[in-house]
1. Counting only heavy atoms of protein chains, what accessible area per residue, in Å², does the chain have with a probe of 1.4 Å?
2. Over the chain, what is the relative contact order in whole percent, taking alpha-carbon pairs under 8 Å and six or more residues apart?
3. Add +1 for every Lys or Arg and -1 for every Asp or Glu among the other residues with Cβ under 13 Å from the Cβ of Gly59, and state the total.
4. When the chain is fully extended, how far beyond the present Cα-Cα distance does Asn112 get from Thr13, taking 0.36 nm per residue of separation?
5. Helix 78-87 sits at what angle to the longest principal axis of the chain, using alpha carbons and giving 0 to 90 degrees rounded to 10?
6. Please check: in the Gaussian network model of the chain (C-alpha springs, under 10 Å), which one of Ala20, Ala100, Ala83 has the largest mean-square fluctuation.
7. Full extension from Glu104 to Glu6: what is 0.36 nm times the residue separation minus their Cα-Cα distance, to one decimal in nm?
8. List the residues whose amide H sits under 5 Å from the amide H of Val75, counting only those 5 or more places along or on another chain, with H placed 1.01 Å from N in the peptide plane.
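The values are calculated or read from the model by the stated rules, or taken from the named source; none is laboratory data. Predicted model only: the values in this text are computed from it and were never measured. All Cβ positions, glycine included, derive from the backbone under ideal geometry; neighbour counts span all protein chains shown. These accessible areas exclude ligands, DNA and RNA; they are computed on the full protein's heavy atoms, side chains included. Shrake-Rupley method; radii C 1.70, N 1.55, O 1.52, S 1.80 Å.
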Amino acid sequence: MDWKLELVVVPVTDVDRAKAFYADQLGFVVDVDHRPSDEVRIVQLTPPGSGCSIMIGKGVAEGVPGSLQGIQLCVGDIAAAHAQLVERGVECSPVRRMGAGGWEDGKGDDWNSFVFFSDPDGNGWVLQERPAAADRT
């Protein structure tokens with residue numbers, strides 16, 4: 001039986017600001033923006049090519065804004081993804097790799113190239129480059 005991760009709730013303080021960041025700066029697709037009442041708003045966004053979405057909103061889940069750390073997205077070209085983030089005004093780390101002494105700047109070997117960034121509330125994200133061979137499996 002498959003167990004598929006479909007949705008991750010990301011706690012935020014300002015839904016409109018977060019929606020603009022994820023949609024306009026990161027390029028996530030807005031799947032849902034629903035307000036069933038004044039106290040509840042559900043916004044679901046999906047990263048390009050992903051089978052898993054995120055949800056931000058009001059009155060839908062408990063969580064401390066900025067407390068979600070290490071959410072990871074895989075990309076086929078870390079340099080291109082980094083350039084896209086910079087072009088869209090997202091503050092992010094340079095491309096980094098894990099070396100013998102810890103984090104180092106520069107691209108690494110397979111599965112060892114990363115870019116780090118945070119949303120406006122401080123929720124931490126990681127981009128990781130997957131090798132081209134992984135795309136074929």
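1. Here the per-residue accessible area is 59 Å².
2. With pairs under 8 Å counted, the relative contact order is 23 percent.
3. 0
4. Length difference between fully extended and current span is 32.4 nm.
5. 50 degrees
6. Ala100
7. Stretched out fully, the Glu104 to Glu6 stretch lengthens by 32.0 nm.
8. HN-HN under 5 Å from Val75: Gln128, Glu129, Arg130.
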